[in-house]
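In what follows, a structure is listed as structure tokens, so that the remarks can point back to it.
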Amino acid sequence: MLKALFAVLTGLVGAALLHLVIILSLPYFSEKDAYTRVLAEGDRHVFHRLPDSPDRAGLVQNDPFLETSVCAYDISQGPIRVYASGQVPFWSMAIYDPASNEVFSINDRTAAAGILDVVLATPVQLTVLRKSLPEPIAQSILVETQQADGYVVLRTMVPQPSFAPGATKFLSEAVCTPFDWRQR
């Protein structure tokens, strides 16, 4: 009986200590998620190129044949348009919610004419947009998301150094920005 009581008491003290360690370490780990790191890159609705070595947010390009840019977004006030075009051998774009769940992805092989043209909106915003689609986005791919916040990752391939100028131009001219979506 005494051994069983001692075992239960040891288990309770161990569980309490484990929970205390977990609770005290949460702030350290919660600031290390991808969304928080992308927000630390700079302003929302702007693509930020990732460097070859870890930056202040801890993000880095880890593939020598890919150039990567990230853009944090907030569509609570209106949809955003993600647009890019250029002469690159390959590009891919993925949209993630704040929990890093992939919402949508596309690449140059599945996009019309190899041009990235996506409008990201909430269900209500898309309903309004579909009623009278503005001409500039008539050919855009409309993507619906429940989350108002998230981030976009845009990658382009650089198989040889001679492709670097095209990749730089492609990523520097890419947009991830709100637009005037309501008809006046």
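Observations on the model:
- Measuring max minus min along each principal axis, the C-alpha atoms of segment 65-113 give extents of 34, 22, 17 Å (largest first).
- Distances between every pair of Cα atoms in the chain, grouped in 5 Å steps from 0 to the bin holding the largest one, split as 1, 7, 14, 16, 16, 12, 8, 6, 4, 4, 3, 3, 2, 2, 1, 0 percent.
- Segment 40-100: chymotrypsin sites (Phe, Trp or Tyr not before Pro) in DSSP coil with no more than 15 other Cβ atoms inside 10 Å: PHE65
- Rounded to 5, percent antiparallel among DSSP beta bridges of the chain: 90
- For segment 66-184: accessible area per residue (Å², 1.4 Å): 49
- Carbon/sulfur fraction of accessible area - the chain, other protein chains in place, 1.4 Å, %: 60
- Label-to-label distance, LYS131 versus ALA113, with points set 7 angstrom from Cα along the beta-carbon direction: 3.0 nm.
- Computed lengthening from ASP97 to ILE22, 0.36 nm per intervening residue step minus Cα-Cα distance: 24.5 nm
- By the rule of a C-alpha distance below 18 Å, with chain neighbours fewer than 8 residues away ignored, the aspartates and glutamates paired with LYS169 are ASP52, GLU67, ASP108, ASP117.
The values are calculated or read from the model by the stated rules, or taken from the named source; none is laboratory data. The shown structure was predicted, so the numbers you read here are calculated from the model rather than taken from an experiment. Because the Cβ atoms are built from the backbone with ideal geometry, glycine has one as well, and the counts that use them run over all protein chains shown. Areas reflect the complete protein model, heavy atoms only, side chains present, ligands, DNA and RNA absent. Shrake-Rupley method; radii C 1.70, N 1.55, O 1.52, S 1.80 Å.
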